[in-house]
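Everything below concerns the one structure shown next.
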Amino acid sequence: MLKIDILTLFPKMFDGFISESIIKRAIDNKKVEINIINFRDYTDDPHNKVDDSPYGGGAGMVLTPQPIFDAVDSIKTKDSFIILLTPDGEQYKQRMAYDLSNKKHIIFICGHYEGFDERIRTLANMEISIGDYVLTGGELPSMVISDSIIRLLDGVINTESHINDSFSNNLLDYPIYTKPRDFRGMKVPEVLLNGNHKEIEKYRHEEQLKRTKNRRPDLLNEEV
Ligand code: ADE
């Protein structure tokens, strides 16, 4: 079973994530264990401080290394893979979700406030950014990444549903339809109604190519 430990100063941000829908079911069915750990519990500071002002001056507060190092020391094993969430990390991709879904133990370190002491980077096996924008902390990115990994674990969702996912072969998804056949004059394509599976497969592949060329031509040049 995959174990995910998330080090954060804001554990309540995760309440909804672990108590709803597919993630809750995955936890209940023992496909994943998720522990939300408040690294303030590990501070040596008599006033429970976890941050301080930056050497050399500048705005805001910086996370100190001690609580995070001690928290990591206490939960790390030989199977642990440690991820630091930061806008200057490697940009997250579906390919990385597949890689991470094979790990045994993932530890996420969520920064918050203005930043973290540079020495905290030495703890990480990998630094990940979920996109070119700046969030208030690593909590949402750790949920985004965990969600994308957990849905790939065996028995969490029907495997066929992720074999055909957008990005799984560097193509976007094909259009899908359900009832009714005619909704406000917008009709379901004939080919989907005739039960000819070869033709349906061909149509879907063509639509994937068309949509990817139109919307994300950059994907067609990427390695699979
Ligand atoms: N922390 C703040 N912004 C972030 C981002 N875009 N990705 C990962 N961690 C972050």
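The values are calculated or read from the model by the stated rules, or taken from the named source; none is laboratory data. Small disclaimer: the values here were computed from a predicted structure and weren't measured. Reconstructed Cβ throughout: ideal geometry from the backbone, glycine too, with neighbour counts over all protein chains shown. Side chains are part of the model used for accessible areas, which takes the heavy atoms of the whole protein and leaves out ligands, DNA and RNA. Shrake-Rupley method; radii C 1.70, N 1.55, O 1.52, S 1.80 Å.
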Whose amide H sits under 5 Å from the amide H of Glu33, counting only residues 5 or more places off or on another chain, with H placed in the peptide plane? Leu2, Lys3, Ile4
For the chain, compute Rh as the Kirkwood radius over C-alpha pairs and then the Stokes-Einstein diffusion coefficient at 37 °C and 0.692 mPa s; write the answer in µm²/s, rounded to an integer. 163
For the range 30-65 and the range 90-111, compute the distance between their C-alpha centroids and round to whole Å. 22
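Give me the percent of the accessible area of the range 59-98 that comes from carbon and sulfur atoms, probe 1.4 Å, all protein chains in place.
That share works out to 56 percent.
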Of His112, Pro67, Val32, which is farthest on the positive side of the dipole of the chain, counting Cα position, with +1 on Lys and Arg Cβ, -1 on Asp and Glu Cβ, and the Cα centre as origin? Val32
Beta bridges by DSSP in the chain, antiparallel share as percent, to the nearest 5: 15
Pull up all non-local amide H partners of Gly111: gap of 5 or more, or a different chain, and H-to-H distance under 5 Å with H placed in the peptide plane. Leu85, Gly138
When ligands, DNA and RNA are left out and all protein chains stay put, how many square angstrom of accessible area per residue does the chain have with a 1.4 Å probe? 61
Which of Glu201, Glu20, Glu190 ends up with the largest GNM mean-square fluctuation for the chain, with Cα atoms connected below 10 Å? Glu190
Post the alpha-carbon centroid distance, the range 2-25 to the range 130-162, in whole angstrom. 11
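Which value, in debye to the nearest 20, describes the size of the charge dipole of the chain about its Cα centre when Lys and Arg Cβ atoms bear +1, Asp and Glu Cβ atoms bear -1, and nothing else is charged?
1120
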Summed side-chain charge close to Val62 - residues other than Val62 whose Cβ falls under 12 Å, Lys, Arg +1, Asp, Glu -1: -3
Among Met1, Val191, Ile83, whose Cα sits farthest toward the positive end of the charge dipole of the chain (+1 at Cβ of Lys/Arg, -1 at Cβ of Asp/Glu, about the Cα centre)? Val191
About its Cα centre, the range 72-192 carries a charge dipole, from +1 on Lys and Arg Cβ atoms and -1 on Asp and Glu Cβ atoms, whose size in debye to the nearest 20 is 420
